[in-house]
Amino acid sequence: MTYDTPGTTVRLRPITLEDCAIDEANVSTPENDPYSFYGFTDPNRLRKSVESGEAYQKWGDLTGRLAVEADGEYIGHVSWHPVHYGPVPAPGLNFGIGLIPAGRGKGYGTEAQRLLVAYLFENTTVNRVEASTDVENLAEQRSLEKTGLLREGITRGCHFRAGEYRDMVVYALVRADFEQARAASRGTKVRTGFTA
């Protein structure tokens, strides 16, 4: 089972134990992954989650993780979790991406995030998909914009990295915008199922 689109070498698929070995050989450090390093963690954490089955999404669960593959090689993973706004249980999904150094700077991350947004809207009932990144991470900001997410603003002092609280830029896309963009790319009308 994979999730890809014609004309791309990037695809999303379940994580395997072979992927875990690549991840373990590419541990994040402040030097090679400054925006994702939050301290040293168990290098076998991903392996343990794959071996236990926790890495695989369960029916009805809005938390998940998939491998990112480019040109037939594992280059990282994407993950998502629910976020809640207000008292009505109608969560959105916040996603992130982590690529090994060899997979960065080639456009693979943008394509993987584009595939993930489509995957989440096509396989869940959520109305909102969002991502945040450090205000200094200009490459990820460009990637999220190319993915089609809209910059919504800055959340001040919301995450702790490298010894201080830092600001993050928030990007999001709602289902209606996704469906409209998809219809425009196919040259069709948007069908919402709603009639007045």
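The values are calculated or read from the model by the stated rules, or taken from the named source; none is laboratory data. Note that the coordinates shown come from a computational prediction; the quantities given were computed from them, not determined experimentally. Quick reminder, even Gly has a Cβ in these numbers, built from the backbone with ideal geometry, and neighbours come from all protein chains shown. Quick note on the areas: whole protein, heavy atoms, side chains included, nothing else; ligands and nucleic acids left out. Shrake-Rupley method; radii C 1.70, N 1.55, O 1.52, S 1.80 Å.
Mind listing just one residue for me: the one in the stretch 127-182 that is of a type in the set (S, T, Y) and assigned to a strand (DSSP E or B) and, of those, most open to solvent (accessible area, probe 1.4 Å)?
Y165
Given the conditions (1) modelled with pLDDT under 95; (2) in a helix (DSSP H, G or I); (3) within 25 Å of D19 (Cβ to Cβ); (4) open to solvent by less than 40 Å² (accessible area, probe 1.4 Å), which single one is not true for E122?
Single failed check for E122: (4).
Give the stretch 96-113 a look and list any residue that's buried (at least 19 other Cβ atoms within 10 Å of the Cβ) and in contact with a helix residue (DSSP H, G or I) (Cβ under 8 Å, 6 or more places away or on another chain), or say none.
Start the filter on the stretch 96-113 by keeping residues that are buried (at least 19 other Cβ atoms within 10 Å of the Cβ), which leaves 97-100, 103, 108-113.
If the condition is that a residue be buried (at least 19 other Cβ atoms within 10 Å of the Cβ) and in contact with a helix residue (DSSP H, G or I) (Cβ under 8 Å, 6 or more places away or on another chain), then I97, L99, I100, G103, G109, T110, Q113 are the ones that fit.
Look through D42, D134 and report the one residue that is under 16 Å from N26 (Cβ atoms) and in contact with a Lys or Arg (Cβ under 9 Å, 6 or more places away or on another chain).
Of the residues listed, the single one that is under 16 Å from N26 (Cβ atoms) and in contact with a Lys or Arg (Cβ under 9 Å, 6 or more places away or on another chain) is D42.
Spot the failing condition for P82; the list is (1) under 25 Å from Y171 (Cβ atoms); (2) open to solvent by less than 60 Å² (accessible area, probe 1.4 Å); (3) at pLDDT below 90, and only one is missed.
(3)
Per-residue answers, yes or no, for (1) touching a residue at least 60 places away in the same chain (Cβ under 8 Å); (2) over 18 Å from the mean Cα position of the chain (by Cα); (3) over 22 Å from S132 (Cα atoms):
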{"position": "A21", "(1), (2), (3)": "no, yes, yes"}
{"position": "Y56", "(1), (2), (3)": "no, no, yes"}
{"position": "A67", "(1), (2), (3)": "no, no, no"}
{"position": "G105", "(1), (2), (3)": "no, no, no"}
{"position": "V117", "(1), (2), (3)": "yes, no, no"}
